[in-house]
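*Asks:* Dumping the structure here so I can ask a few things about it.
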């Protein structure tokens, strides 16, 4: 992970010689972090958080086995779910929910390059707003900068993923059975858009969790630079203003 972070910083921030000087100075935790260290530290924290968040969500069952972000049966179709369970379609309901989550897992694999581009575009003001901001300030920055791009990139992936797992094989029997019931209004939610919305929300939830760990848990600061930037509690040098 340290090699990954170093390569990203060399590419997007400074020359490797400059980064080496920053890293060496970061080993002295008694000195306030400089402007360059804060900038490098924020970008490294984002890189680490992105790597961890994408790894967790993009792996098999990354959404489905995580109760924090598992995508449930569409809430607006709760009546459909209840009717299906009453009619003994428990297995179909479970399989349907599983395929929703697998679609989001496939889409999450596309997130890293979009996030990295947002890191490249950060200004010094962005850096300081994040450093001195709330525990999810970096996550909110990335969400603001990447939401529309992620939606654009995720949408076709989700559609393809849901087509590949043949979600209609699980959904059609449920919705068809429901719509045949007397005194019911026909329902057919847009599953692609539902998975898109829930998938992005889950990704940012995990990213916020990773950010909070770096800010609050010293053990999550896996490099000297992160330890210095996020562990320093004293006054800041003038050259960081």
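*Asks:* Has the stretch 74-83 got at least one residue that is over 22 Å from residue 192 (Cα atoms), touching a helix residue (DSSP H, G or I) at 6+ places or on another chain (Cβ under 7 Å) and either modelled with pLDDT under 90 or part of a helix (DSSP H, G or I) (or both)?
*Replies:* Yes, some residue in the stretch 74-83 is over 22 Å from residue 192 (Cα atoms), touching a helix residue (DSSP H, G or I) at 6+ places or on another chain (Cβ under 7 Å) and either modelled with pLDDT under 90 or part of a helix (DSSP H, G or I) (or both).
*Asks:* For the stretch 17-36, check the following and say yes or no: at least one residue is in contact with a helix residue (DSSP H, G or I) (Cβ under 7 Å, 6 or more places away or on another chain), at pLDDT 60 or above, more than 23 Å from residue 113 (Cβ to Cβ) and not in a loop (DSSP other than H, G, I, E, B).
*Replies:* Yes: one or more hits.
*Asks:* From the list 62, 49, 88, which one is assigned to a loop (DSSP other than H, G, I, E, B) and touching a helix residue (DSSP H, G or I) at 6+ places or on another chain (Cβ under 7 Å)?
*Replies:* On inspection, the qualifying residue turns out to be 62.
*Asks:* Another question, then. Take residue 100 and tell me if it is closer than 29 Å to residue 179 by Cβ, buried (at least 16 other Cβ atoms within 10 Å of the Cβ) and in contact (Cβ under 8 Å) with a residue 12 or more places away in the chain.
*Replies:* Judged against the criteria, residue 100 is a match.
*Asks:* Moving on. Would you check if residue 191 is buried (at least 18 other Cβ atoms within 10 Å of the Cβ), in contact (Cβ under 8 Å) with a residue 40 or more places away in the chain and more than 13 Å from the chain's Cα centre (by Cα)?
*Replies:* yes
*Asks:* Output the number of the condition that residue 225 fails; it satisfies all remaining conditions of (1) buried (at least 19 other Cβ atoms within 10 Å of the Cβ); (2) under 23 Å from residue 107 (Cβ atoms); (3) at pLDDT 85 or above.
*Replies:* Residue 225 satisfies all of (1) buried (at least 19 other Cβ atoms within 10 Å of the Cβ); (2) under 23 Å from residue 107 (Cβ atoms); (3) at pLDDT 85 or above except (2).
*Asks:* Every residue in the stretch 120-156 that is over 30 Å from residue 106 (Cβ atoms), in a loop (DSSP other than H, G, I, E, B) and modelled with pLDDT of 90 or more, please.
*Replies:* 123, 134 - these are the residues of the stretch 120-156 that are over 30 Å from residue 106 (Cβ atoms), in a loop (DSSP other than H, G, I, E, B) and modelled with pLDDT of 90 or more.
*Asks:* For residue 71, are the conditions met, namely being crowded, with 19+ Cβ neighbours inside 10 Å, in contact (Cβ under 8 Å) with a residue 12 or more places away in the chain, touching a helix residue (DSSP H, G or I) at 6+ places or on another chain (Cβ under 8 Å) and outside any helix (DSSP H, G or I)?
*Replies:* For residue 71, the condition - crowded, with 19+ Cβ neighbours inside 10 Å, in contact (Cβ under 8 Å) with a residue 12 or more places away in the chain, touching a helix residue (DSSP H, G or I) at 6+ places or on another chain (Cβ under 8 Å) and outside any helix (DSSP H, G or I) - is met.
*Asks:* OK, next. Restricting the stretch 30-56 to residues that are within 15 Å of the chain's Cα centre (by Cα) and surrounded by fewer than 24 Cβ atoms within 10 Å (Cβ to Cβ), which is nearest to residue 231 (Cα to Cα)?
*Replies:* The extreme case among them is 47.
*Asks:* Taking the condition surrounded by fewer than 20 Cβ atoms within 10 Å (Cβ to Cβ), at pLDDT 80 or above, touching a helix residue (DSSP H, G or I) at 6+ places or on another chain (Cβ under 6 Å) and in a helix (DSSP H, G or I), does residue 163 pass?
*Replies:* no
The values are calculated or read from the model by the stated rules, or taken from the named source; none is laboratory data. A quick note: this is a predicted structure, and the numbers were derived from the prediction, not measured. Heads up, the Cβs are rebuilt from the backbone with ideal geometry, glycines too, and the neighbour counts pull from every protein chain shown.
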